[in-house]
Amino acid sequence: MFYSDEFIAREIIMDHISSPRNIGKEHQNYLSSQLKNPSCGDTVTVYVLLDNNSVKDITYDIEGCSICKSSMSMASGLLKGSTLEKSKEVIAEFNKMVTGEEYNEDILEDAASLYGVVKFPPRIKCATLGYKAFEEAIKGNSI
Ligand code: ZN
């Protein structure tokens, strides 16, 4: 229940907004995908470098609201260095959390701090945009 403490969750989210992790421009040989969330005005472009079914690096360009930005920052930290299998697991747990299903907080680490999004359905798209862009970028490279 560490991450679902409201105060701690807020601190984690604020930290990712003020110090976003892994922001960066496109690099050679990276897979990429741009997705928009017109209902909020969020745009994210994710760049992924794969190496033997693992995410060797992930960077992104982002314009959007604080939920979108903090979620992308948390996602990048979780996905970087993970296997594609693990990344699928992470995304599945995140989707469960924001849609109100039982989820595994330990797998989500900092991303578990966004549990409050479940109470604001219009913001679910903001929180999941980065994960969707990642999935789109690696499409065709599944395990
Ligand atoms: Zn948004």
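Looking only at region 116-143, which residues are open to solvent by 50 Å² or more (accessible area, probe 1.4 Å) and outside any loop (DSSP other than H, G, I, E, B)? Scanning region 116-143 gives Val118, Lys119, Pro121, Pro122, Arg123, Lys125, Lys132, Glu135, Glu136. Whether a residue is without any contact (Cβ under 8 Å) to a residue 60 or more places away in the chain, at positive phi and open to solvent by 30 Å² or more (accessible area, probe 1.4 Å) was assessed, and Gly100 passes this test. Could you count how many residues in region 34-70 are closer than 21 Å to Lys125 by Cβ and touching a Leu at 6+ places or on another chain (Cβ under 6 Å)? Looking only at that region, the number is 7. Residues in region 26-74 that are of a type in the set (Asp, Glu) and assigned to a loop (DSSP other than H, G, I, E, B): 1 in all.
Residues to consider are Gln28, Gln34; find the one that is farther than 18 Å from Ala111 by Cα and either among the aliphatic types (A, V, I, L, M) or away from the ligand (no atom under 16 Å from the Cβ) (or both). It would help to see each step written out before you state the result.
Details: Gln34 fails: either among the aliphatic types (A, V, I, L, M) or away from the ligand (no atom under 16 Å from the Cβ) (or both).
None of the others qualify; the one that does is Gln28.
Taking each residue of region 122-143 that is basic (Lys, Arg) and looking for partners that are part of a helix (DSSP H, G or I) with beta-carbon atoms closer than 8 Å, six or more apart or interchain, yields Arg123/Ile67; Arg123/Val117. Could you tell me whether region 65-76 includes any residue that is more than 15 Å from the ligand (Cβ to nearest atom) and surrounded by 16 or more Cβ atoms within 10 Å (Cβ to Cβ)? Yes; the residues of region 65-76 include at least one that is more than 15 Å from the ligand (Cβ to nearest atom) and surrounded by 16 or more Cβ atoms within 10 Å (Cβ to Cβ).
The set of residues in region 59-89 being aliphatic (A, V, I, L, M) and in contact (Cβ under 8 Å) with a residue 40 or more places away in the chain consists of Ile62, Ile67, Met72, Met74, Ala75, Leu79, Leu84.
If you filter region 103-115 down to residues that are among the charged types (D, E, K, R) and in contact (Cβ under 8 Å) with a residue 24 or more places away in the chain, you find that the one that is least open to solvent (accessible area, probe 1.4 Å) is Glu105. Cβ separations smaller than 9 Å between residues 6+ apart or across chains give the following pairs from region 30-41 residues that are within 21 Å of Asn52 (Cβ to Cβ) to residues that are open to solvent by less than 90 Å² (accessible area, probe 1.4 Å) and within 12 Å of the ligand (Cβ to nearest atom): Ser33/Val44.
The values are calculated or read from the model by the stated rules, or taken from the named source; none is laboratory data. This structure is a prediction, so every number in the text was calculated from the model and none was measured. Heads up, the Cβs are rebuilt from the backbone with ideal geometry, glycines too, and the neighbour counts pull from every protein chain shown. Just the protein is used for accessible areas: all its heavy atoms, side chains included, with ligands, DNA and RNA removed. Shrake-Rupley method; radii C 1.70, N 1.55, O 1.52, S 1.80 Å.
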